[in-house]
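Worksheet: one structure, shown below.
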């Protein structure tokens, strides 16, 4: 429902023509703002967080940032493109499993098999579809390309047939459910409900070592910043404007001679690639990938983070995803018995009083300040 | 022009980021003591222990009862003077029925709270998720639930039954009753699938036939098809490894299809007193269960446990096998610590072999090698009052054998 009649994007993130500084703000400030913001984010992630947080908290932050990567993708597909992607868990899972399969095989050594296969599958040799993942040159590109290929296949079918709104959301959910059932059913080769656990090494680095955990964090933080830069380029390009146009009035764009299906497809595939990359990095950060992480509930949680943050802005989804994940940890540590109610309450409050998400707080505060100035 | 400038800064920042990432790169060798384990904080006059159970999500209904009985044991021990003169301070965390959350909370309990031991986990998936965390930090987990075996972590004590203390005796019982054919019904996850693998190996070696095998997704309530298949299969008994809510739907369907405990008994391994209450006695009366403990198990130790539990949590609250195993695990930890004379994990592990405890289920003994405990197997029948009464027991505690190495028919399993 929200997908078909989206709220107008907040002024802070409004798409502007690529070569003109946005809005009526003084030119000097707006020129430097994105770069300054980017530098500020980098300083926060690369200097402040590692110094201020313990190893344990930094590892948690690494996990949140992975969720934030998925959110950047959803921000493009849903916030800009109006596609309510309720099945991003599938792409997250494809990336995660591709990476975990490679790491499990690397742990097992050449010719070895992951421990669970002997326990649950009683297999004598590696299944054929596992074999390519032994090579990092296959597995690493696969973490991104596999989700993108699946998204391309699904998207080409769905968008051409003009499936949208609630129907598209339901379809995404069904895909997530189907993938979970498939993984659980093939326990011998996928680890079933347990998933792939106990991942020891990351390309030769021992993941038990806090120094290497820190390295994984830095990689994740770097990738997130890169994805944000990419998202900004997409949003501010001609294509980004077209995407918003498709979201707001698909029929009009069609009559202008564009093919809305291709426009949507690109955003959907990009979002899937980001989710796949997030899944791949989640594995060394957390050491586990399981069906519980990619089913319907986690897929919805990805979207909730974006909604809380503000889906139509660039930073909103990231802030929302991190805030929701952080609140989940903080609340459940403080109130192990009742935190779920508090979390629910938080969602209700944000959606009811801040429909633009956390990102709209800034705009709201600025409007208030301007109004105050006028009154003086 | 403006965007070009922005892009330059952007590119600069990216290079900076890459440089930091590269210089921050880790060491390939971990011999500088990177993974050296966190020592528990026992400096004060209390010792912290972690309680890691799902207080929310689908598993909460079962795991909260385990949490309650761990708390009971902690209070009893504190009232009697604590462990090595220190009062136990329990720190609860919610695993939220979500396996990565279990891993996160385990890490938090170990490295932030610096607990001496953690009690909890229920599903195999949650145990598999936390196992690397405990092994990495060299910290202790006491796992209180019967499980599918095939595991032996040096940092986990398994106080529930492994397969040779629950499933194999259940099959022995069916065999002694002259049952020649069984139908396997289970939830779709690791425990039922592994258990059924073991059952099929047992059946093949003992002249039984497995006439059918069906899995329902966890939480599924659609059992019409499965029950029809069971009915037309002509099996003499059903071996049920369904978990949670699915049992309610399954047994309702079973009864309405005209199947009875007398004609085709169902042996369940995940239905204890608490579940009988929620499924409804009318659907379960006469059906069989395989466990190591029932509320009705005779003995002074159990009388005391049941009375204390009901006094604390209410007269209508039943006690069950996982609750008892959790209660016992706290006492076993206390005995190990006292024998070791220290809270140090390696010393506690070293002291574990041969520790005995007069548990509500009868005498239990810790096997230091497998870190499982010797337990008496008990087959029970659900009565009209919702309680389960024993119809057979193994006579003496069965030594744990998580990999079924002493059973010739199981040689191909591990």
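Coordinate-derived values only; no laboratory data. From a predicted model like this one, the values you see are computed outputs, not experimental measurements. Backbone-built Cβ (ideal geometry, glycine too); neighbour counts: all protein chains shown.
Mind checking which of A:71, A:43, A:359 has the largest fluctuation in a GNM of chain A, springs on alpha carbons under 10 Å?
A:43
For a quick check: sort B:270, B:153 by the number of other beta carbons within 10 angstrom, fewest at the front.
Fewest to most other Cβ atoms nearby, the residues stand as B:153, B:270.
Could you compute Rg(Cα) / (2.2 N^0.38 Å) for the stretch A:324-365, with N its residue count?
So the Cα radius of gyration is 1.31 times the expected 2.2 N^0.38 Å.
Sum -39500 (n - 2.57) across every DSSP H segment of at least 4 residues in the protein assembly as shown, then divide by the residue count to get the 222 nm mean residue ellipticity, nearest 500.
Working: 28 runs with 414 residues, N = 790.
It comes out at -17000 deg cm²/dmol, rounded to the nearest 500.
Give the calculated FRET efficiency between residue A:252 and residue A:160 to the nearest 0.05, with a Förster radius of 25 Å applied to their Cβ-Cβ distance. Please report the intermediate quantities before stating the final value.
On the way: r = 19 Å, r/R0 = 0.74.
Calculated transfer efficiency: 0.85.
How fast does the stretch A:178-331 diffuse by Stokes-Einstein, in µm²/s, taking the Kirkwood radius from C-alpha pairs at 4 °C and 1.567 mPa s?
Rounded, D is 72 µm²/s.
Distances over 39 Å make up what percent of all Cα-Cα pairs in chain B?
It works out to 24 percent of all Cα pairs.
What's the Kirkwood radius of chain A in Å, using all Cα pairs? Walk me through the numbers before you get to the answer.
Values: mean 1/r = 0.0462 Å⁻¹.
Final number for the Kirkwood radius of chain A is 21.6 Å.
Per residue of A:205-218, count partner chain C-beta atoms within 10 Å of its C-beta, then hand back the mean as an integer.
Per residue, the number of nearby Cβ atoms from other chains is 6 on average.
Among B:198, A:170, A:289, which comes first, second and so on when ranked by fewest other beta-carbon atoms within 10 Å?
So the ranking, lowest neighbour count to highest, is A:170, B:198, A:289.
Could you work out Rg/(2.2 N^0.38 Å) for the protein assembly as shown, with Rg from alpha carbons only?
1.02
Enter the angle in degrees (range 0 to 90, nearest 10) between the Cα long axis of helix A:136-160 and the first principal axis of the Cα atoms of chain A, meaning the one along which they spread out most.
Roughly 50 degrees between the two axes.
Pick from B:184, B:288, B:218: which residue has the top mean-square fluctuation in a GNM of chain B where Cα pairs under 10 Å get a spring?
Highest fluctuation of the listed residues: B:218.
Neighbouring Cβ atoms within 10 Å as the yardstick, rank A:107, A:198, A:259, A:124 fewest first.
Values: A:107 16, A:198 20, A:259 13, A:124 8.
With the sparsest Cβ surroundings first, the list reads A:124, A:259, A:107, A:198.
How far is the Cα center of the stretch B:220-267 from the Cα center of the stretch B:296-371, in Å?
34
Quick one: helix A:316-334 against the long Cα principal axis of chain A, what's the angle to the nearest 10°, folded into 0 to 90?
60
Which three extents, in angstrom, do the Cα atoms of the stretch A:59-131 have along their principal axes, listed largest first?
Principal-axis extents of the Cα atoms in the stretch A:59-131, largest first: 49, 27, 19 Å.
Relative to the first principal axis of the alpha-carbon coordinates of chain A, what is the inclination of helix A:296-309, with its axis defined by its Cα atoms, in degrees from 0 to 90 and to the nearest 10?
Once rounded, one gets 30 degrees.
Please build a GNM for chain A, connecting alpha carbons under 10 Å apart, and tell me which residue among A:110, A:147, A:284 fluctuates the most.
The residue with the greatest mean-square fluctuation here is A:110.
Calculate the FRET efficiency for residue B:87 and residue A:174 from the Cβ-Cβ distance with a Förster distance of 35 Å, rounded to the nearest 0.05.
Efficiency computed from Cβ-Cβ geometry: 0.10.
Largest first, please: the extent of the C-alpha atoms of the stretch B:247-403 along each principal axis, to the nearest Å.
Sorted from largest, the Cα extents of the stretch B:247-403 read 58, 39, 26 Å.
In whole angstrom, note down how far apart the Cα centers of the stretch B:139-198 and the stretch A:307-376 are.
If we compute the Cα centre of each part, the gap is 47 Å.
From a point 7 Å beyond the Cα of residue B:277 in the direction of its Cβ, which residues of the stretch B:49-63 have a backbone N at a distance under 14 Å?
Residues B:61-63 qualify, since their backbone N sits under 14 Å from the label point.
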